[in-house]
Amino acid sequence: MSLATGIVRSVYEDLRGIVLAPYTLAKEFRYTYHGLQEGKIPPKYVAWTWLSTIGAVAVAALLMFPIYWVFTTAISGSGGSLYSTGGFELIPPNPTIKNFVWVIGPITTPENIVINAPLLGELFRIPVPMEPTYILDPAQFGVPRSARSNFLAYAENSAYVSFWTVIIAMSVIIPGAYGMSRRDFIGRKKLLYLYILLTQVGGGLGIAILIALYTIFQNIGWLNELLPLGIYYGAGAVPFNTWLLKTYMDGIPISYEEAAIVDGAPSWRIVYEVIIPLSKAGLATVFVFVFLAGWTDFVIAQLMLEDTNWTLPVGLYSYSGRPSEMNWAHFSAFALAFAVPLMLVYFFAQRYIESGLSFGGMEG
Amino acid sequence: MSTVSDVAQRFKESDLASVLEENSSAALVLPGLLLWSMFMLLPMMYIFVLSLTNARPANIFVGNNRLLGLVPLGEADIIGLENYIELLFSIDAANSIQNGAYGAVFDLFLSDPIAVFNYPFWNSFLVTWAFVIVSVTGKVLLGIAIAMIMTGNRVRGKRYLRGIIIMPMGVPVIFSILIWRFVFSNARFGLMNQFLIGIGAVDEAVPWLTDRWLAFSGYVVTEMWLAYPFMVLITVSALQNVNGDLLDAAEVDGAGFFSRMRHVILPSIKRPVMFGTILTSAASFQQFLIPWVFNSGGPSRENELLLVYAYREAFAFSAYGKGAAISLTALFFIGMFMWVAVKRGNLAEEAGES
């Protein structure tokens, strides 16, 4: 569990850093101010710091601008189309969250608590001894109760697909990466070579073989099924992530394992207690990539699935349309509800991903 | 005596059991390889068979014929290389080739070289390469520039800024592409048009999606935005490995920013950046969603990158066999490119195999 606590701790530190940023900043200001007064810090130095920081922030703002644009549309009250929006405003007048309420839809207390298990279906059903009441009532926000998006239904499909993607992929990637990193066998180099070739080709390969895949799935009767789709994404994620985790494991000094062997630990304990805790950054990176493979794919899902089984990306696409006809505010809110959690994951995982992807510093 | 023990030794070495024993660790890797092969390698082999047939939804999903008793083909017929010939050559030339009248093809080539070739395919082929060259150049330069800015000595809050700017990497691709489609909307209130009208660069809304090269530039900008986080990540970690002493020494010796860049920084980040460039070129080559979402590879199919071309032929015009042939041709070029790049760039070493 050290992996989970480690991630929680680093996210906590980041959050603390963000919350305390004004305080640190004020302290720095005071320090610089006094330094300038006493002539300890040359003014040129301070001016340069200001200039480069403002420049960097401006670049970041420019890069993020399209996302901000969607955000302003999502909180604007007018549910109009792209044509009727009266030009762009940096801070929209009368911001509202009603478009997000439309995305989530009404939430009531359940009549039954149902516990489902993957594959097995329903396990328990416990009736709740109270009248259903609204936890989130759209009517309070001026949204009709009947008008809701299918966000939660699509999210459930996506979660089901990604669950299997992660389970299947991780269970072959971890032993594969360990074997490639620590053991030797015939064809190991050739396989590694193949995996590297396939790293970036993965997604496009899926589209290139789509015709064959569609024909095969049609023949087996797997069209419009979520489970095979999840396994398929897992399979596609194997080469890149095995190689990534292998590169990461290469950086773990072998002496830790030797010490464990000398102490008489069986090999499963070495993997469980030495390798896995030490490669937590690599595991976190790989987990994110594998999860996203299932969570964000659009092309294959839109071809294989019918509307009852749509995943979030396909659902999002269905809310877009001709600029004159689509509800631009609803679309934006839906899109953000889908994308913002993932953006946050990347924001907090940045240092893990950076260290997981650092090809140069892995000689260890 | 030594010869006898040699033979014994050799026998021992060739013993199947001991070979299996020595390579038992392969069992760790095999499940992943098998899984991948089932869902990727198998369809790849199947698509090769399909590309040799006249498969359409009307014949592939009916009947129970199997090639060699294994490969399900429905009622589709094997037609050999016909799909490939029709793909590469114009209708006239393809007919002549199938009739064995190579002389006629040669005459046609002499009188009108372009008339020999199948315009849609070669157009798509050239547009794909143009897209790769332009977008990769843009991505690499943008990535290095952003990485340099975000690792600058005097920039405060670098870590948070870097966290912010790599967020597009986590955003679902379909989300980004849809947004960029509306940025490059033909409408007056598309973001790009608003901006251009706002700064007074144009008076009328620019028809981004209905003009061929305007749409193409929209694809390039979108692709650059999609891929810059990857390039920034790679460049930043490479920049952090640049030898600080070397930089200081250069600065003491009076090297300016540009000579430090040229003689110290660029040589040290060259290999990782090359690596990222090769990977990202492969991604550009297989771009499908941008043209598809923007305007289905339009206007009038002129900007169809190879995979879009294959997809349209297969699923919009129900020509599975022809679509398969296009896909395989595209795969062939990606494969060749990656193979050459990995060989030339010694990428296996880059992966920690030095």
Fill in: Residues of the stretch A:185-197 satisfying the condition of being more than 7 Å from chain B (Cβ to nearest Cβ) and assigned to a loop (DSSP other than H, G, I, E, B)
A:GLY187
Worksheet item: Only one residue in B:SER24, B:SER96 is among the polar types (S, T, N, Q) and outside any helix (DSSP H, G or I). Which one?
Response: B:SER24
Worksheet entry | the stretch B:276-286, residues that are more than 8 Å from every other protein chain (Cβ to nearest Cβ) and either basic (Lys, Arg) or in contact with a Ser or Thr (Cβ under 8 Å, 6 or more places away or on another chain) (or both) | B:GLY276, B:SER284
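Conditions (1) within 30 Å of A:ALA349 (Cα to Cα); (2) more than 12 Å from chain A (Cβ to nearest Cβ), marked per residue:
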| residue | (1), (2) |
| --- | --- |
| B:MET192 | no, no |
| B:PHE195 | no, no |
| B:TYR219 | yes, yes |
| B:SER237 | yes, no |
| B:GLN240 | yes, no |
| B:ASN243 | yes, no |
| B:ALA249 | no, yes |
| B:ASP253 | no, yes |
Response to the item:
Flagged in the stretch B:34-46 as hydrophobic (A, V, I, L, M, F, W, C) and at the interface with chain A (Cβ under 7 Å from one of its Cβ atoms), in numbering order, are B:LEU35, B:TRP36, B:MET38, B:PHE39, B:MET40, B:MET44
Discussion item. Can you pull out every residue in the stretch A:44-97 that is of a type in the set (A, V, I, L, M) and at pLDDT below 75?
Written reply: A:LEU82, A:LEU90, A:ILE91
Worksheet item: B:VAL202 versus (1) surrounded by 17 or more Cβ atoms within 10 Å (Cβ to Cβ); (2) without any contact (Cβ under 8 Å) to a residue 60 or more places away in the chain: which is the lone unmet condition?
Response: (1)
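Residues checked against (1) touching a helix residue (DSSP H, G or I) at 6+ places or on another chain (Cβ under 6 Å); (2) part of a loop (DSSP other than H, G, I, E, B); (3) over 27 Å from A:LYS98 (Cβ atoms):
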position: A:TYR256; (1), (2), (3): yes, no, yes
position: A:ALA293; (1), (2), (3): yes, no, yes
position: A:ALA301; (1), (2), (3): yes, no, yes
position: A:SER318; (1), (2), (3): no, no, no
position: A:PHE338; (1), (2), (3): yes, no, no
position: A:MET343; (1), (2), (3): yes, no, no
position: A:TYR346; (1), (2), (3): yes, no, yes
Worksheet item: Residue check, B:VAL140 against (1) buried (at least 16 other Cβ atoms within 10 Å of the Cβ); (2) within 13 Å of another protein chain (Cβ to nearest Cβ); (3) not aromatic (Phe, Trp, Tyr), all met but one. Which one?
Response: (2)
Practice prompt. Could you tell me which numbered condition A:GLN140 fails, if it satisfies all but one of (1) modelled with pLDDT under 85; (2) more than 14 Å from every other protein chain (Cβ to nearest Cβ); (3) closer than 17 Å to A:PHE334 by Cα; (4) in a helix (DSSP H, G or I)?
Written response: (3)
Worksheet item: Do we find that B:ILE179 is in a helix (DSSP H, G or I) and within 11 Å of chain A (Cβ to nearest Cβ) in this structure?
Response: yes
Item to complete: Name the one entry in B:PHE39, B:PHE48 that is in a helix (DSSP H, G or I) and in contact with a Phe, Trp or Tyr (Cβ under 6 Å, 6 or more places away or on another chain).
Response: B:PHE39
Discussion item. Tell me the residue from B:VAL308, B:VAL273 that is within 11 Å of chain A (Cβ to nearest Cβ), assigned to a helix (DSSP H, G or I) and touching a Pro at 6+ places or on another chain (Cβ under 8 Å), please.
Written reply: B:VAL308
Item to complete: Go through (1) surrounded by 22 or more Cβ atoms within 10 Å (Cβ to Cβ); (2) facing another protein chain (nearest Cβ under 7 Å) and name the single condition A:GLY206 misses.
Response: (2)
Worksheet entry | Considering residues of the stretch A:234-271 that are among the aromatic types (Phe, Trp, Tyr) and over 26 Å from the mean Cα position of the chain (by Cα) only, the residue modelled with the highest pLDDT | A:TYR256
Worksheet entry | Number of positions in the stretch B:123-161 that are touching a residue at least 24 places away in the same chain (Cβ under 8 Å) and either assigned to a helix (DSSP H, G or I) or within 17 Å of the chain's Cα centre (by Cα) (or both) | 21
Worksheet item: Just a yes or no: is a residue in the stretch B:340-354 within 17 Å of B:VAL132 (Cα to Cα), more than 7 Å from every other protein chain (Cβ to nearest Cβ), out of contact with any Asp or Glu (no Cβ under 9 Å at 6 or more places or on another chain) and modelled with pLDDT of 75 or more?
Response: yes
Discussion item. What's the number of the only condition in (1) among the hydrophobic types (A, V, I, L, M, F, W, C); (2) part of a loop (DSSP other than H, G, I, E, B); (3) within 11 Å of chain B (Cβ to nearest Cβ) that A:ALA265 fails to meet?
Written reply: (3)
Worksheet item: Is at least one residue of the stretch B:183-206 in a helix (DSSP H, G or I) and among the charged types (D, E, K, R)?
Response: no
Practice prompt. Have a look at B:ALA94, B:ALA26 and point out the one that is touching a helix residue (DSSP H, G or I) at 6+ places or on another chain (Cβ under 8 Å), of a type in the set (A, V, I, L, M) and closer than 24 Å to B:PHE125 by Cβ.
Written response: B:ALA94
Worksheet entry | Single match in B:ALA27, B:ALA76, B:ALA8, B:ALA55 (criterion: of a type in the set (Gly, Ala, Ser), at pLDDT 85 or above, out of contact with any His (no Cβ under 9 Å at 6 or more places or on another chain) and farther than 30 Å from A:GLY176 by Cβ) | B:ALA55
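The values are calculated or read from the model by the stated rules, or taken from the named source; none is laboratory data. Values in this document were obtained by computation on a predicted structure and should not be read as measured data. With ideal geometry, Cβ positions are generated from the backbone for all residues, glycine too; neighbour counts draw on all protein chains shown.
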